[in-house]
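Encoded as structure tokens, the structure appears first; notes follow it.
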Amino acid sequence: MPADRFVEQLNTQIGHEFAAHQQYVACAVYYESLTMPQMARFFYAQALEERDHAMMMIQYLIDQDAAAFVPGVSAPQVDFGDVVAPVELALEQERRVTAQINELTKIAREESDFASDQFMQWFIKEQVEEVSTMSDLVAVVRRSRDNIEAIEEYVQREQGRESADPTAPAIAGG
Ligand SMILES: [Fe+2]
Ligand SMILES: [Fe+2]
């Protein structure tokens, strides 16, 4: 069994991941409203990844015979001042999640919960990628804030579909 402190904190994190899903859907819808289909596609895909993170955490708790709770989430931000705002919010969110993932890893180590420590390693790597992707995107969108087509071209060119990651934890429901 994983440590109680870890289970409690991981359940909290499941809520953060589902909230991130909702937030990214809201970002996608905002870009749809500006007729920016590439940015919308990017955020829909990011939203799905966040949903998968939550479902990986649920699957881990199920596998470990620990209690998994499906939490409610607070409403996402849906109004944005300009094209830069959703990406800045996304970068801030990814940095916050990185700190949360690090804290979960710290708890697993403090509790000598080695399986949970190992489970967190994939998320540590994932956060490095997500922060990097979002900070690149912030730079591009800030630079091209008055040239929507340049933003769309960048996303189409640089943010293609990620290939499947065989090292990723199992997702509840498959
Ligand atoms: Fe996530
Ligand atoms: Fe993320």
Note to self: I'd like to check something: does region 58-65 contain any residue that is part of a loop (DSSP other than H, G, I, E, B), open to solvent by less than 50 Å² (accessible area, probe 1.4 Å) and closer than 18 Å to Ala20 by Cα?
What the structure shows: no
Notebook entry, point to check: Can you name the number of the only condition in (1) in a helix (DSSP H, G or I); (2) within 16 Å of ligand 2 (Cβ to nearest atom) that Val73 fails?
Noted result: (1)
Next item on the list: Return yes when Asp79 is closer than 30 Å to Glu152 by Cα, charged (D, E, K, R) and more than 16 Å from the chain's Cα centre (by Cα) and no when it is not.
Entry: yes
Next item on the list: Assess whether Ala85 counts as being open to solvent by 10 Å² or more (accessible area, probe 1.4 Å) and within 30 Å of Glu158 (Cβ to Cβ).
Entry: yes
Next item on the list: Could you run through region 20-57 and say how many residues are open to solvent by less than 50 Å² (accessible area, probe 1.4 Å), hydroxyl-bearing (Ser, Thr, Tyr) and away from ligand 1 (no atom under 14 Å from the Cβ)?
Entry: 2
Margin query: Contact list please: Cβ distance under 9 Å, first residue in region 46-66 and on the phi > 0 side of the Ramachandran plot, second residue surrounded by fewer than 18 Cβ atoms within 10 Å (Cβ to Cβ), pairs at least six apart or on different chains.
Written below: Asp65/Met1
Margin query: Against the condition more than 25 Å from Val141 (Cα to Cα), basic (Lys, Arg) and either without any contact (Cβ under 8 Å) to a residue 24 or more places away in the chain or surrounded by 16 or more Cβ atoms within 10 Å (Cβ to Cβ) (or both), how does Arg109 come out, does it pass?
Written below: yes
Check: When you look at Arg145, is it open to solvent by 100 Å² or more (accessible area, probe 1.4 Å), of a type in the set (Lys, Arg) and either part of a loop (DSSP other than H, G, I, E, B) or closer than 23 Å to Gln9 by Cα (or both), yes or no?
Finding: yes
Check: Out of the residues in region 107-142 that are part of a helix (DSSP H, G or I) and among the hydroxyl-bearing types (Ser, Thr, Tyr), which is farthest from ligand 2 (Cβ to nearest atom)?
Finding: Ser116
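The values are calculated or read from the model by the stated rules, or taken from the named source; none is laboratory data. Predicted model, so just to flag it, every value in this text is computed and none were measured. Glycine gets a Cβ as well: all are built from the backbone with ideal geometry, and neighbour counts include every protein chain shown. The area values use the complete protein model at the heavy-atom level, side chains included, leaving out ligands, DNA and RNA. Shrake-Rupley method; radii C 1.70, N 1.55, O 1.52, S 1.80 Å.
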